[in-house]
1. Please work out which one of (1) within 16 Å of the ligand (Cβ to nearest atom); (2) open to solvent by less than 20 Å² (accessible area, probe 1.4 Å) is the condition W280 fails and give its number.
2. Which one of D273, D293 is farther than 16 Å from Q352 by Cα, among the charged types (D, E, K, R) and buried (at least 23 other Cβ atoms within 10 Å of the Cβ)?
3. Within the stretch 66-74, is even one residue more than 12 Å from the ligand (Cβ to nearest atom) and on the phi > 0 side of the Ramachandran plot?
4. I'd like to check something: does the stretch 270-293 contain any residue that is farther than 19 Å from L189 by Cβ and among the charged types (D, E, K, R)?
5. Conditions: (1) crowded, with 16+ Cβ neighbours inside 10 Å; (2) at pLDDT 95 or above; (3) more than 30 Å from E102 (Cα to Cα). Q44 meets all but one. Number of the miss?
6. Consider only pairs whose beta carbons are under 9 Å apart and that are at least six residues apart or on different chains; among these, list those whose first residue lies in the stretch 317-338 and is in the same structural domain as Q203 (by TED's automatic domain parsing) and touching a residue at least 12 places away in the same chain (Cβ under 8 Å) and whose second residue is among the aromatic types (F, W, Y) and outside any helix (DSSP H, G or I).
7. In this structure, is L187 farther than 29 Å from Y324 by Cα, within 16 Å of the ligand (Cβ to nearest atom) and modelled with pLDDT of 55 or more?
8. Which of the residues belonging to the stretch 334-378 are part of a loop (DSSP other than H, G, I, E, B) and surrounded by 14 or more Cβ atoms within 10 Å (Cβ to Cβ)?
Amino acid sequence: MTKRFDVFCKVVDNFGDIGICWRLAKQLQAEHRVDVRLFVDDLQVASRIIPNLDASNMSQIIDKIRIVRWNVATRFSDYPDAVIEAFGCELPQAYMAHMPAETVWVNLEYLSAEPWVEGFHGQHSNFGATQHRRYFFYPGFTEKTGGLLRENNLLNLSLLSSRSVSLVPLALQGIGLANDTREALILSLFCYPHAPVGELLRQLSQAPWKCVVYISASISFPAVQSFFGLEKIDIGAKYIKGSLVVIILPFLSQDDYDALLRICDLNFVRGEDSWIRAIWAEKPFIWQPYRQDEDAHLDKLNAFLELFYADSRQKQLIRKAHEYWATGQGDASVFGEYLRYLPDIQRDTARQSAKLAGQVDLVSNLVFFIENLRETRV
Ligand code: TRH
């Protein structure tokens, strides 16, 4: 029998929430034949991620997923087997009011490598005076967590040569990737505005090799402008200083963005979804966590570095580079040193990525988790 899941997504800011929910919905449908309705509160932002989404249309089907614009006035009927509340976005009261006790309610949490995650994964709490139980599903890096979002076909892609033409995103072919990157180190840059971008560019401009940096148009540019002494920055434009070539990319489709990560030698990523994608790209990456109160993001960063690079000879250097990127404290020359050890870091990253890819993926774990609850619950 076809399973039916609802997914609720609130776009808090940026693209991570909808980016993850869209991948999750697609994978549930494509690999587990789940009939998915995706409720999203902001179709404008969603339309940057979901190809061909018409933001003025309240309900539409794309890639076999029904996408519904959700607001306080939305009325619900016809409940599914399970509802996924993404990142504690709170199910609408109108939905909760008639939700049957058999509908499994799962809150998908944010990803963290912190050790406490294992103890919280799969726990539940009773919701108010209702008969509903809310289960907490934690993504994570160990077998005792919910795992990481990873589609089935990803490994096949990584068997291809990373610079093979078929992997070069169309959006990049148009702006001369082949000419720019011959003999060059290629980097991609997607970060939050407080990252020390100017310092990184300065280091790269003085590198003994040509460095081509693809900068995502979605980040703010003051640091790039002041580095090149420009009034404004244009999408598709190329800026050169010393060894450095900067190319400003438009916002790519998720598929093209994933492909970009695979062809680069070093990726600067952020938040949650691009971080996971950088892992699957099997290329060195520097991750900038989403800033949280009381520097909680730095605990997340430390826990991840501790886990992912536990066996790496370069772990101190990798830590210093991440700390500098996340806090701006330290010395920008750490990037020069990082680049000198790039082949070592490449080898360690690929080994760790492959190890994680050997674990069961998040969507398979989630489907199993829900099926198990439905079978065992009265
Ligand atoms: O956009 P983000 O900063 O999202 C963040 C985090 O998820 C954070 O944890 C959350 O609390 C906050 O949102 C609300 O970074 P992230 O997670 O990497 O998501 C970016 C998405 O955008 C990802 O799905 C990849 C996609 N993307 C493209 O599709 N094309 C592009 O050109 C780029 C640069 C990104």
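The values are calculated or read from the model by the stated rules, or taken from the named source; none is laboratory data. Note that this is a predicted model, so its numbers are computed, not measured. We place every Cβ from the backbone using ideal geometry, glycine too, and count neighbours over all the protein chains shown. To get the accessible areas, we keep the full protein, side chains included, count just its heavy atoms, and leave off ligands, DNA and RNA. Shrake-Rupley method; radii C 1.70, N 1.55, O 1.52, S 1.80 Å.
1. Of the numbered conditions (1) within 16 Å of the ligand (Cβ to nearest atom); (2) open to solvent by less than 20 Å² (accessible area, probe 1.4 Å), the odd one out for W280 is (2).
2. Numbers: D293 fails: buried (at least 23 other Cβ atoms within 10 Å of the Cβ).
Answer to the selection: D273.
3. The initial filter retains those residues of the stretch 66-74 that are more than 12 Å from the ligand (Cβ to nearest atom), namely 66-74.
Keeping just the survivors that are on the phi > 0 side of the Ramachandran plot gives none.
Within the stretch 66-74 (the criterion being more than 12 Å from the ligand (Cβ to nearest atom) and on the phi > 0 side of the Ramachandran plot), the answer is no, since none of the residues qualifies.
4. So the first thing to find is which residues in the stretch 270-293 are farther than 19 Å from L189 by Cβ, and the list is 292-293.
Filter once more, so that each one left must be among the charged types (D, E, K, R): 293.
Among the residues of the stretch 270-293, at least one is farther than 19 Å from L189 by Cβ and among the charged types (D, E, K, R), which makes the answer yes.
5. Going through (1) crowded, with 16+ Cβ neighbours inside 10 Å; (2) at pLDDT 95 or above; (3) more than 30 Å from E102 (Cα to Cα) one by one, Q44 breaks only (1).
6. Final answer for the pair search is L317/Y341; I318/Y309; I318/Y341; R319/Y309; H322/W287; W325/F268; W325/W287; A326/W287.
7. Numbers: farther than 29 Å from Y324 by Cα: no; within 16 Å of the ligand (Cβ to nearest atom): yes; modelled with pLDDT of 55 or more: yes.
No.
8. Going residue by residue through the stretch 334-378, those that are part of a loop (DSSP other than H, G, I, E, B) are 341, 358-361, 377-378.
Listed by number, the residues that qualify are Y341, Q359, D361.
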